[in-house]
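Below you'll find the structure, written out as structure tokens, and then a few comments.
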Amino acid sequence: MNAEHARRLGELALPGFVIGVTAGLIAGGLTLTAGQSTGGAVVAAVTLGLPLGLLGGGYSLLMGKGVIKPGVFTVAGLYWLAGFPLARLCQEAATSAYLTGTPALREGLLPFLAFQGLISLGFAIGFVWLHERMTPRWLMRVQDRNPDARRLFESYVRHVEMLWRSRERRRGRAPAARDEGVR
């Protein structure tokens, strides 16, 4: 992979990476406010933020390749159903190792993963909501130098146009009437 290709992929991955890392930082802050030590909060933030950042970046790259489409939640929900529990497992094991010297789960692996799978739906909703607001703005900035970003931005534009036409049909307005300025 040459440097130009790596830069283009990095630009595509950036929105999801930033969202994931930010979620980890928030978790670290919440850990601190819950009374854990500063070291424990930093470990929690890094060990959740890094996996979520990498998974978020992977999500953005999958969008760039057309595997995940804008406005489609099912694939995102399945992606985070697998990814979020693994990220939480990394955080829980590392935080436990930091605090007690041994990586351990209080409730056992299967109950832990099952509960995190339930929580993953809420995380997926928030992630997709943020991603669909941040990514098009970012893609608009980099599309002139990144053809992959341009293609993904164009898919967002097509999605918005489809939503607009659908809304106009529900309201009983013909596309020609909209173009003439009638609202």
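Data overview
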quantity: Candidates ARG88, ARG173, ARG165: whichever shows maximal mean-square fluctuation once the chain is modelled as a Gaussian network with Cα springs under 10 Å; calculated: ARG173
quantity: For region 111-148 versus region 69-100, the gap between their alpha-carbon centres in whole angstrom; calculated: 13 Å
quantity: Cβ-Cβ FRET estimate between VAL157 and THR74, R0 fixed at 30 Å, reported to 0.05; calculated: 0.85
quantity: Kyte-Doolittle mean at least 1.0 and Cα axial length at least 15 Å: DSSP H helices in the chain; calculated: 38-64
quantity: Simple spin-label estimate for ARG171 and TRP129 in nanometres, 7 Å along Cα-Cβ; calculated: 2.4 nm
quantity: Distance (nanometres) between label positions extended 7 Å along Cα→Cβ at LEU99 and LYS65; calculated: 3.7 nm
quantity: Which labelled figure in (i) 162; (ii) 139; (iii) 152 is volume of the Cα convex hull per residue in Å³, once derived from the coordinates; calculated: (i)
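Bear in mind that the values in this text are calculations on the coordinates, not laboratory data. As the structure is a computational prediction, the values presented were derived from the model and not from experiment. Every residue, glycine as well, gets a Cβ built from its backbone with ideal geometry; the counts of neighbours run over all protein chains shown.
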